[in-house]
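Okay, so here's the structure we're looking at.
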Amino acid sequence: MRQRVLTSLMVLTAVLVSTLMVTVPVIGQAGQAPAKAKKAAYTPPKLPWGDPDLQGLWPGTDLIEVPMQRDAKAGERTEVTPEEFAQRQAKAERTAENDKVAYVAKDSKVGINPPGYWLEHGRPQKITSLVVDPPNGRIPDLTDQAKQKAAQAKQAKQGHGPNESPEDQSLYDRCISRGVMGSILPVIYNNGTQIVQGPGYVAIRYEMIHETKIIPLDGSPHPSSNIKSYMGDARGHWEGNTLVIETTNFLGDKNGIGLNGGGTPHSADMVLTEKWTRTAPDMMEYTATINDPKTWVQPWTIRMPLRLNPEFPLYEYACHEGNYAMFNMLKGARADEAAAEAAKAGKK
Amino acid sequence: MRKSLTLFSTAAAAVVCISLTLTPGKAQAPAAPAKAVAKAVAKGPRMPDGRPNLNGVWEYIGTANWDIQDHSPAPGPMWQLGAIGAIPAGQGVVEGNEIPYKPAALEKKKQNKASAPAEDPEAKCYMPGIPRATYMPFPFQIIQSNKDILMAYEYASANRLINMGKPIEAGSDTWMGTSNGHWEGDTLVVDVTGLNGLAWFDRAGNWASDKVHVVERYKRRSNDVMDYEATIDDPSVFTRPWKISLPLYKRAEKNAQILEFKCVEFAEELLYGKYKKQPTK
Amino acid sequence: MRRIPSVAAAAVGLLLNVSLAVSPAWAHHAFAAEYDGKKQVHLEGVVTQMEWINPHTWIHIDVTEPDGKVTSWMVEGGSPNILLRRGFNKGSLEKGQKIAVDGFQAKDGSNRANGSNITYPDGKKLFLGSSGTGAPADPGPGK
């Protein structure tokens, strides 16, 4: 009798233990986002303090030629056709050839910009656009409130010249800030982005305009909405090996979500959710969901595949300290006004 | 009977233990322990590699940014601010209290001082350079990874990455310089070159040229205090190297963080005011 | 320094509009606000200094007029970070180097111009490609 009780207990224990061991992985997965189809997810190495290692230089340079919004003809297609890709490749080749021309042609046209080879170039990409949601790859409509604001801003400029004061320039040309999205959307050069991690933190450096976004991972709350800033307040956590960053506390009516922070200014209520997932040793999938019901009628998402490039270190982009252009633009406008005044006086 | 009870209780205990550690809920059952590890490392005195842990939000308390040498209280540049704009007394942070300027360089310091505050790069919201960034009246955060060390300063969003690998040469001169670091025992030694000579040391106009070579030393004295030294070597300006030394304090708020101080807008009138379109009379 | 006669300048103005239209790359409108599309200049001078600063580099040159008078000009280029990543550095354009510049003069008449073409005296473009030493001089942080 004793023997049988003992045996039964041992069997019971064994069954319980093995059931739990089988159950746990299932429970573990239930909370995760459904894994991307096809291949097994890459597991990045872990830092000595346990966090996934996302460190490195992840410039957006490769994506320079990808349009923000998808051509309407492409519909819901996220990849270009083979013909379209061939066109992108041909264009890249032509640019590379142009850049190699060592001597200025005798009949070369003089422009008002620096030399064309003083830029950085992308690599032909298959994606049709950076915007991936809504499914048509186009930014949703502005709310009526946002449209009204834009009209008012335009109205306010009536009767004023283009360079009356520094405020007439963009926040980028004033060297103030491009905002979070403006600091990562690929532009003509200096798309440097670098991740540095410490215990309890992730820091993201953006080359233009020398920004550092520090993301605490300790679950602490955002400050009250009385503290607002251009880059907002970021808080992060891990979902599996994906870094999820939520940023709020933005200054409103400043930067937009366009190149260099241009475009329709977002409101102070915007909630920006970014996800960084290392999908291969040298690839990072970056997504950003813009949720600002005061400005756009629905949330929208940008996705960018970023390539690790150890040969793209960030250099200091001090900007404001060397902003001769601001002085020159203002002086130029004053000179234009003086010339116009003199012309008017001359006519009398 | 006893034997079966023992076996039963052992089995039961095992089941309980297993079920406790395998509690369902948040997906990151593996990550929860990692968060605890990270937290322990963050607060501890050493990184997993054994090096001192300099992570945290740090700030200098004192008046070095007004004047790195001993100074008495003095009126400020704008009487309209009353006592708010006045200069407090301060014990200097220069060892020996003497800055060994060559005669012509001392003249330039005096000119700088006379032109302050309008010509002080701080007033223009220019990045403060090294070492001034360390003792501005604003906090900075150190993010020390398993490779390089990032310092992010609240003032003007200045920042710099201290390269802890093979030393890099400065390709050009910058406001925050090119920083190469290494450990000497428990002291972080940072070699800064490629500074552009345009930043000042303080509001009193102390300066060095673009030939300056700064060597910093960071050493934790305790959990909350770090000793900072900066040796300044510029034979074109000074007759010998000289040293700044001061303590840095860990910000003790539970929610300590650096905030944003993008001061360009506050400096635009100072810089561009006279080039703006003047209102017509 | 030669000024282009006004007829040619008008033609240049037309070309300028065309080239701006086909060169959307330089999104800064700063250049158009600083420089006068009717004042094309060709400068030949000697480098006295190059400021490796952002947002744009500035090359200072001394231009000697036929009558022997020396005028100092400042020429605006692109961001130095691109050049640094290609292996160039502050030693790449030395004081004393002769260069030639085509661009437009500042609206306020001061001796500033944008460097649309910046070449050596033989017409070879400055800072073309990489410095030839391969990848940037440093291995880069964050490796």
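Short-range pairs are left out: with C-alpha atoms under 8 Å and at least six residues apart, the relative contact order of segment B:154-281 is 19 percent.
Each of A:MET270, B:MET164, A:MET283, B:MET78 was scored by other Cβ atoms within 10 Å of its Cβ. Listed from fewest to most, they are B:MET78, A:MET283, B:MET164, A:MET270.
Hey, fewest Cβ within 10 Å first, where do C:MET74, A:MET284, B:MET151 land in order? Ascending Cβ contact count within 10 Å gives the list C:MET74, A:MET284, B:MET151. Compute the distance from the alpha-carbon center of segment A:158-221 to that of segment C:58-120, in whole Å. Cα centroid of segment A:158-221 versus Cα centroid of segment C:58-120: 30 Å apart.
The order of A:LYS109, B:LYS276, B:LYS262, A:LYS73, going from fewest to most other C-beta atoms within 10 Å of their C-beta, is A:LYS73, A:LYS109, B:LYS276, B:LYS262. Take the Cα of C:LYS69, step 7 Å toward its Cβ, do the same at B:ALA118, and the gap between the two points is 3.1 nm.
The relative contact order of segment B:31-140 comes to 28 percent, based on Cα pairs under 8 Å that sit 6 or more residues apart.
What pairs from A:LYS154/B:LYS276; C:LYS39/C:LYS124; A:LYS331/C:LYS125; B:LYS211/B:LYS250; B:LYS211/B:LYS274 go past 27 Å between their alpha carbons? Where the Cα-Cα span goes over 27 Å, the pairs concerned are A:LYS331/C:LYS125; B:LYS211/B:LYS250; B:LYS211/B:LYS274.
All other residues whose Cβ lies under 11 angstrom from that of B:ASN146 are scored, Lys and Arg at +1 and Asp and Glu at -1, for a net of -1. Net charge of the neighbourhood of B:ASP224, taken over other residues with C-beta under 10 Å away and scored Lys/Arg +1, Asp/Glu -1, is +4. Shape verdict for segment A:231-282, please, from the Cα gyration tensor: rounded (a/c under 1.5), prolate (a/b greater than b/c) or oblate. Note, shape of segment A:231-282 comes out oblate. Contact order for chain A, expressed relative to its length and based on alpha carbon pairs under 8 Å spaced 6+ residues apart, stands at 19 percent. Placing a pseudo-label 7 Å from each Cα along the Cα-to-Cβ vector at A:ASP253 and C:LYS124 gives an inter-label distance of 5.6 nm. So what is the diffusion coefficient of chain A in µm² per second by Stokes-Einstein at 10 °C and 1.306 mPa s, using a Kirkwood Rh over Cα pairs? Answer from the Stokes-Einstein relation: 66 µm²/s. The alpha-carbon positions of segment A:179-287 define a convex hull whose volume is 103 Å³ per residue. By how many degrees, between 0 and 90 and to the nearest 10, does the Cα long axis of helix B:103-115 differ from the longest principal axis of chain B? Once rounded, the angle reads 80 degrees. Rounded to the nearest 10 degrees, the inclination of helix A:2-30 to the longest alpha-carbon principal axis of chain A is 10 degrees.
Take the alpha carbon gyration tensor of segment C:51-110, find the square roots of its eigenvalues, order them as a ≥ b ≥ c, and report rounded if a/c is under 1.5; if not, report prolate when a/b exceeds b/c, else oblate. Oblate. Once you divide the Cα radius of gyration of segment B:56-273 by 2.2 N^0.38 Å, the number left is 1.00. Over segment A:220-348, what portion of Cα pair distances is larger than 25 Å, expressed as a whole percent? The calculated P(r) of segment A:220-348 puts 51 percent of pairs beyond 25 Å. Relative to the longest principal axis of the Cα atoms of chain B, the long axis of helix B:31-43 makes an angle of roughly 40 degrees. Counting only DSSP H runs of at least 4 residues, each contributing -39500 (n - 2.57), and dividing by the residue count of chain A, the helix-based mean residue ellipticity at 222 nm comes to -8500 deg cm²/dmol.
What share of Cα pairs, in percent, lie more than 15 angstrom apart in segment B:230-278? Tail of the P(r) past 15 Å holds 73 percent of the pairs.
Every read-out reported here was derived from the displayed coordinates using simple, explicitly stated rules and does not represent laboratory data. Not measured: the values here are computed from a predicted model. Because the Cβ atoms are built from the backbone with ideal geometry, glycine has one as well, and the counts that use them run over all protein chains shown.
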